[in-house]
Every structure is written in structure tokens, then in C-alpha cells.
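Accompanying notes for the structure given below.
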Amino acid sequence: MTLVYRSYDQNALDRQYDQATLVPNAPEFVSDWLDRSQRARGALEHIDDIAYGVHPDERLDVYPGAARGGAALVLFHGGAWRAM
């Protein structure tokens, strides 16, 4: 076994990035997330797939607030993005 990070070999480290191996009811969370995301896209103004880099995966969606000049929330999500 070759360790790649602390006490993890590559397979063990990969499992840490796959919540399905850590959360027994992960499909319920995914289903709920997909449902709420679809409702948000239907209800909120948004601009999809804005490029922030040259790679096709370097894209983001923007949901502007109702008040011009208001605060912004930026969410950088890590890990579970690999699942979808």
C-alpha cells in the first residue's frame, strides 16, 4: 500500500471525496438537492455558465440579488461536485 496523503492510500482518499461511501442515505440528499435546485432555477433570475477560465469545467452560475449594490454570497463547493 502506497500512502498518498497522511494515512490514506489512493483508494481510501478517493472514498473521502465520495459522500455516498460516508452517508448511508446519500441518494435522499441528492434527490432533495436536485429538486430544490430545479425550483430555484425556475423561480430566480440567473445567468448560467459564465466562463472564469479556459477549461470547459471553469464555469459558474450567477443569481443576482433583488437590490442593486447589495451584498454578494460566493460559495465554493468542494468534494461532492464530482458526483454530478
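The values are calculated or read from the model by the stated rules, or taken from the named source; none is laboratory data. The shown structure was predicted, so the numbers you read here are calculated from the model rather than taken from an experiment. Using ideal geometry, Cβ is built from the backbone for each residue, glycine included, and neighbour counts are taken over all protein chains shown. Areas reflect the complete protein model, heavy atoms only, side chains present, ligands, DNA and RNA absent. Shrake-Rupley method; radii C 1.70, N 1.55, O 1.52, S 1.80 Å.
Some points to look at:
- The GluC sites (Glu not before Pro) found in the chain that occupy coil by DSSP, while having at most 14 further C-beta atoms within 10 Å, are Glu45, Glu58.
- 222 nm mean residue ellipticity, helices alone, for the chain (DSSP H n ≥ 4; -39,500 (n - 2.57); rounded to 500): -9500 deg cm²/dmol
- Between helix 26-43 and the chain: long-axis angle, C-alpha atoms, 0 to 90°, nearest 10: 20
- Per DSSP, loop trypsin sites (Lys or Arg not before Pro) in region 1-66 with at most 10 further Cβ within 10 Å: Arg6
- Fraction of accessible area attributable to carbon and sulfur, region 12-84 (%, probe 1.4 Å): 57
- Result for the chain in a Gaussian network model with C-alpha springs under 10 Å: among Gly70, Gly42, Gly53, the largest mean-square fluctuation is at Gly53.
- Solvent-accessible area per residue for region 1-57 (1.4 angstrom probe, square angstrom): 87
- Taken over the C-alpha atoms, the chain has Rg and Dmax values of 17.2, 55 angstrom.
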